[in-house]
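First up is the structure itself, then whatever we jot down about it.
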Amino acid sequence: MSKLLRHIGWYVKQEWKTYVLMFVLLVSIALFALIPGWLLGLSIDTIISGGLTYQSLLFLGGALVAFPVIRYGLSYLYNFTTVKKSQQLAHTMRKKYLGHLFNMDSSFYEKYQKGDLISRVTGDLDSIIQSATGLLEGLVFNIGFILITLTLMMVTISWQLTLISVIIMPIGLTILNLVREGKRQYFKKHRDIYAAFTEKMLESVEGQKAIRAYVQEDIDLKKQHQEITNDIESWRYIVKFENWFNPLFEVIYGIAYTLAFAFGTYFIIQQMMSLGGLITFVTYIGMLFGPFISISGIFAQLNQATIAIDRMEEVMNHQPIVHDSSSSQAIIDFQTIDFKGVTFQYPFDKQPVIKNISFSIQKGQTIGIVGPTGAGKSTLIRQLLREFNVSKGSVLIDNTPIERFKIEDIRQLVGYVPQSHILFKLPVEENIKIGKPNASDEVVKSAVKMADFEKDLPYLQSGLQTMMGETGVNLSGGQKQRLSIARALIKDPQILILDDSLSAVDMKTERTIVQHLKDLRKGKTNIIVTHRFSAIQEADLILVLEQGEISQRGNHDSLIREDGWYKRQYITQLTGLEG
Ligand code: ADP
């Protein structure tokens with residue numbers, strides 16, 4: 001519980017007035033719940049004593065109806081406030097979590113899977129909110145209710161009968177809770193299984209096209225069923241255990257009732273209490289069952305919440321390796337970028353992907369990077385995005401290590417067009433403007449033209465306003481590439497990186513785009529990772545990357561004269577084209 005309070009203490013402090021109101025409401029609800037039992041006993045004693053008049057009947061009858069109605073109104077107000085506050089708390093915590101995710105670096109996303117991250121912000125967070133809001137009702141209200149009821153039973157009816165019949169309940173409850181505590185690790189297991197289940201569902205929905213194309217539905221369904229079964233099995237174990245709890249407590253409760261009746265009857269015979277007193281007493285015992293069970297429920301909920309908090313805090317306490325410091329420098333332009341002996345290994349890999357890479361880029365140059373698939377071209381060029389720190393060597397911008405600059409500034413310097421294109425559920429224009437949200441219509445138009453996307457607009461239902469995404473149109477691979485290029489060009493970046501981004505466009509379109517870059521990006525730097533040599537024939541420097549190392553460097557003319565991968569590949573492409 002202390003963990004929960006530490007986790008949401010800031011919220012309780014911020015909302016203390018509401019918590020006070022909720023407390024007052026709960027105390028009032030408790031009192032209004034207890035009065036009818038007392039009235040019932042009073043009515044019976046009045047009837048037995050023969051003191052029932054028309055007026056007292058009217059009063060007792062009216063009160064027996066009025067109190068539950070008032071209690072209902074108060075409960076409604078309480079529930080309304082609780083739900084509203086819990087939604088607010090969930091909203092604030094989700095915002096914090098999602099904001100934190102955006103501050104994380106690529107190593108973090110290598111470690112955590114999407115489904116796991118989603119399950120933390122849904123299932124785990126819900127469990128925390130439930131116990132946070134249920135805590136007041138679950139513990140404060142129920143304990144308060146039990147104490148008030150017991151005091152009333154002791155003071156107004158019989159302290160002896162209260163001790164004899166009720167004492168067994170907290171003892172039984174404590175023993176059952178101690179046993180339950182031992183099962184705590186199953187909640188953790190269940191949360192992990194649930195995360196794996198979410199991940200699988202996500203994979204199946206995202207990959208449904210590939211699954212259908214390769215007729216893998218049955219195999220995928222089997223895997224899904226396995227995850228569902230694991231989830232249900234892990235839950236079933238918890239439920240099975242929880243199911244013991246209530247019947248066992250009911251047995252204890254039955255003993256309490258029997259003791260109350262047996263000793264109550266004896267006390268009536270001994271004239272130590274009235275029949276009305278016994279009826280009120282038994283009614284109160286009946287009313288204690290709910291709060292006792294709720295208290296044990298809140299302990300189970302707290303167990304789950306503690307595990308959920310551990311899972312949330314694990315993510316929230318994660319510090320990115322790549323981050324700014326107070327001494328990070330601003331940068332808006334550069335003259336030279338030097339890769340000096342750069343070696344890079346992905347966080348969970350055993351081998352470096354690029355090894356001992358050295359080369360320089362001068363402002364205004366066009367650099368081509370070629371090589372077989374998997375050689376490390378993307379990995380090399382993505383070092384300019386500051387996703388990870390290099391493992392060895394350094395990347396220098398104007399002789400200063402890239403780590404000394406503000407991450408955001410570096411990313412502003414670069415316009416990166418990745419191999420796979422993410423389109424958001426927005427109109428085409430807004431998708432392009434992600435590169436520069438405040439871009440004018442003129443700038444959008446010129447970026448669209450430069451990326452040779454203009455020719456596609458007449459085929460889109462509403463031109464630039466055509467909606468993308470699930471309910472909108474789907475673009476062809478080449479169109480997506482050109483939209484992505486326009487997105488990068490709109491920010492007129494100092495460095496444009498095309499990471500195999502021309503692979504799905506035809507030769508003529510490629511030539512047009514490359515020509516536009518040459519004409520309209522004078523003085524700016526372009527880095528083109530490609531499989532087609534036609535895109536880089538005029539590059540100032542071409543690097544050939546093989547197995548993570550630079551095997552050749554030069555320009556197109558020098559490289560086709562040199563024996564090596566470039567010449568062999570060039571001939572293959574030429575003969576391929578001619579054939
Ligand atoms: P290229 O662009 O030349 O095709 P990449 O840079 O994409 O090559 O990949 C180089 C190698 O790095 C490949 O073996 C690939 O499997 C591996 N790799 C790429 N991305 C990751 C990653 N996020 N984590 C681990 N290994 C990766």
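The values are calculated or read from the model by the stated rules, or taken from the named source; none is laboratory data. Owing to the predicted nature of the structure, the values given are computational and were not obtained by experimental measurement. Cβ placement follows ideal geometry from the backbone for every residue including glycine, while neighbour counts extend to all protein chains displayed. Surface accessibility is based on the protein's heavy atoms, side chains included, excluding ligands, DNA and RNA. Shrake-Rupley method; radii C 1.70, N 1.55, O 1.52, S 1.80 Å.
When Leu173, Leu163, Leu178 are checked against the criterion of being among the aliphatic types (A, V, I, L, M) and surrounded by 16 or more Cβ atoms within 10 Å (Cβ to Cβ), a single residue qualifies: Leu173.
Residues that are open to solvent by 80 Å² or more (accessible area, probe 1.4 Å) and of a type outside the set (D, E, K, R) were ranked within the stretch 330-345; the one that is nearest to Ile410 (Cα to Cα) is Ile332. Scanning the stretch 464-486 for residues that are of a type outside the set (Asp, Glu), exposed (fewer than 15 other Cβ atoms within 10 Å of the Cβ) and in contact (Cβ under 8 Å) with a residue 24 or more places away in the chain yields Gln465, Gly469, Thr471, Ser476, Gly477.
Restricting attention to the stretch 309-345, the residues that are assigned to a loop (DSSP other than H, G, I, E, B), touching a helix residue (DSSP H, G or I) at 6+ places or on another chain (Cβ under 7 Å), within 30 Å of Leu541 (Cα to Cα) and within 16 Å of the ligand (Cβ to nearest atom) total 1. Cβ-Cβ distances below 6 Å connect the following pairs, each with a first residue in the stretch 39-67 that is at negative phi, a second residue that is at pLDDT 85 or above and not in a helix (DSSP H, G or I), and a separation of six or more residues or different chains: Asp45/Ser274. Taking the stretch 358-385 as the range and being part of a loop (DSSP other than H, G, I, E, B) and either away from the ligand (no atom under 15 Å from the Cβ) or surrounded by fewer than 15 Cβ atoms within 10 Å (Cβ to Cβ) (or both) as the test, the residues that pass are Lys363, Gly364, Gln365, Pro372, Thr373, Gly374. Any idea which of Lys406, Lys355 is under 31 Å from the mean Cα position of the chain (by Cα), in contact (Cβ under 8 Å) with a residue 24 or more places away in the chain, open to solvent by 50 Å² or more (accessible area, probe 1.4 Å) and more than 13 Å from Ile495 (Cβ to Cβ)? Exactly one residue qualifies, and that residue is Lys406. Per this entry, Leu496 is counted among residues that are within 21 Å of Arg386 (Cβ to Cβ), open to solvent by less than 30 Å² (accessible area, probe 1.4 Å) and in contact (Cβ under 8 Å) with a residue 40 or more places away in the chain.
Does Gln88 meet the test of being at negative phi, among the polar types (S, T, N, Q), part of a helix (DSSP H, G or I) and modelled with pLDDT of 90 or more? So Gln88 fails the test.
Out of all the residues in the stretch 70-106, which are within 30 Å of Tyr346 (Cα to Cα) and open to solvent by less than 80 Å² (accessible area, probe 1.4 Å)?
Those that are within 30 Å of Tyr346 (Cα to Cα) and open to solvent by less than 80 Å² (accessible area, probe 1.4 Å): Arg94, Tyr97, Gly99, His100, Leu101, Met104, Asp105, Ser106.
The number of residues in the stretch 553-569 that are more than 15 Å from the ligand (Cβ to nearest atom) and surrounded by 18 or more Cβ atoms within 10 Å (Cβ to Cβ) comes to 1.
For the stretch 536-546, does any single residue satisfy the condition of being open to solvent by less than 70 Å² (accessible area, probe 1.4 Å), of a type outside the set (A, V, I, L, M) and modelled with pLDDT of 95 or more? Yes, because at least one residue in the stretch 536-546 is open to solvent by less than 70 Å² (accessible area, probe 1.4 Å), of a type outside the set (A, V, I, L, M) and modelled with pLDDT of 95 or more. From the list Ser75, Ser106, pick out the single residue that is at pLDDT 85 or above and farther than 30 Å from Gly37 by Cβ. Within the list Ser75, Ser106, the selection yields Ser106. Of all residues in the stretch 346-357, which are near the ligand (Cβ under 9 Å from one of its atoms) and in contact with a Phe, Trp or Tyr (Cβ under 7 Å, 6 or more places away or on another chain)? Across the stretch 346-357, the qualifying residues are Val353, Ile354. Going by the structure shown, is Ser394 in the same structural domain as Asp499 (by TED's automatic domain parsing), out of contact with any Leu (no Cβ under 9 Å at 6 or more places or on another chain), more than 16 Å from the ligand (Cβ to nearest atom) and open to solvent by 20 Å² or more (accessible area, probe 1.4 Å)? Answer is yes for this residue. Within the set Ser107, Ser56, the sole residue that is within 16 Å of the ligand (Cβ to nearest atom) and either in a helix (DSSP H, G or I) or more than 28 Å from the chain's Cα centre (by Cα) (or both) turns out to be Ser107.
When Lys518, Lys508, Lys491 are checked against the criterion of being open to solvent by 30 Å² or more (accessible area, probe 1.4 Å) and outside any helix (DSSP H, G or I), Lys491 stands alone in meeting it. Residues that are open to solvent by less than 90 Å² (accessible area, probe 1.4 Å), aromatic (Phe, Trp, Tyr) and assigned by TED's automatic domain parsing to the domain that holds Ile44 are absent from the stretch 196-212 altogether.
Just for the stretch 491-519: of the residues that are closer than 22 Å to Glu430 by Cα and among the charged types (D, E, K, R), which one is nearest to the ligand (Cβ to nearest atom)? Looking at the filtered set, the residue picked out is Lys491.
Of the helices (runs of 4 or more DSSP H) entirely within the stretch 120-208, those holding at least 1 residues that are touching a residue at least 40 places away in the same chain (Cβ under 8 Å) and aromatic (Phe, Trp, Tyr) occupy 142-152, 184-206. For the residues Thr280, Thr306, the requirement of being under 21 Å from the mean Cα position of the chain (by Cα), buried (at least 19 other Cβ atoms within 10 Å of the Cβ) and assigned to a helix (DSSP H, G or I) singles out Thr306.
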